[in-house]
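One structure is given here, and the rest of the page talks about it.
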Amino acid sequence: MSQLPHGWIVVGRWSLVRNLFTPGTGSGVIVLLLAIQVVLQIGLHAPLDDAGRTAVVLAVVPLIAAIPVALVLAARRNRRVAINLDTGTVRFGTTTVPFGQLESADYLRVPYRGSTHSYLRVGSPPKSGLLCVRASRAPELTVDEREVVAEMLRRSPIRIPDASADRFDPTGRYAWMDHPTRLTRDEAVDYVLHTPETGEPARAATPRSGRT
């Protein structure tokens, strides 16, 4: 990318499956489907009179009508990450966060249909977003999207938290193992721009001091 883009840049891909299984509004769709199944089972197997069957119908219809509403809320809550390099802000769902509040970057590896997808979670939970950096069965970040994400990371204060004193590790050589999936800012930038084929960044057991 010869020049960084202006305005809001949406990165990543929308996923219905991720929306359905994301804790919060997405999981509500699953609850609705289970509730419909329970009500229908009662209506089909219980000896009900006409009034009882009417009650079952009146219970099922609102539940069915609630499904598209739950899907819309899930899509809004879990919509793709959007980055604005001009204003120095990033949007996670319906929440907009300045780059200066991005404190953590973690890599996640998720098994999926016989393969493993790798993600970078950026933000300060619960305000955070997932970015797919390596996958065999799902869209990854494009080359241009990686450049935008990397620039956002460079402008952030992402760091690994200081480790607690450990008398068995006085030099802090293995302190990073307190947060084994956490990346420093420079590691996160490199992970986005040069994601290994394995999808897992190389981590060396080195002292945490001096890391930023």
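Over all other residues within a Cβ to Cβ distance under 11 Å of residue 136, the charged ones net out to +1, with Lys and Arg as +1 and Asp and Glu as -1. At full extension, residue 95 and residue 116 could sit 4.7 nm farther apart than now, given 0.36 nm per residue minus the alpha carbon distance.
Once the chain from residue 178 to residue 162 is taken as fully extended at 0.36 nm per residue, the excess over their C-alpha distance is 4.8 nm.
Karplus-derived 3J(HN,Hα) values for segment 150-161, using 6.51 cos²θ - 1.76 cosθ + 1.60 with θ = phi - 60°, are 4, 5, 4, 5, 4, 8, 9, x, 3, 7, 8, x Hz; glycine and proline are entered as x. Taking 0.36 nm per residue of separation and subtracting the current Cα-Cα distance, fully stretching the chain between residue 200 and residue 87 would add 37.5 nm.
Once the 1.4 Å probe is applied to the protein heavy atoms, segment 99-162 comes out at 48 Å² accessible per residue.
The values are calculated or read from the model by the stated rules, or taken from the named source; none is laboratory data. A quick note: this is a predicted structure, and the numbers were derived from the prediction, not measured. We place every Cβ from the backbone using ideal geometry, glycine too, and count neighbours over all the protein chains shown. Just so you know, the surface numbers come from the protein's heavy atoms only, side chains and all, with ligands and any DNA or RNA stripped out. Shrake-Rupley method; radii C 1.70, N 1.55, O 1.52, S 1.80 Å.
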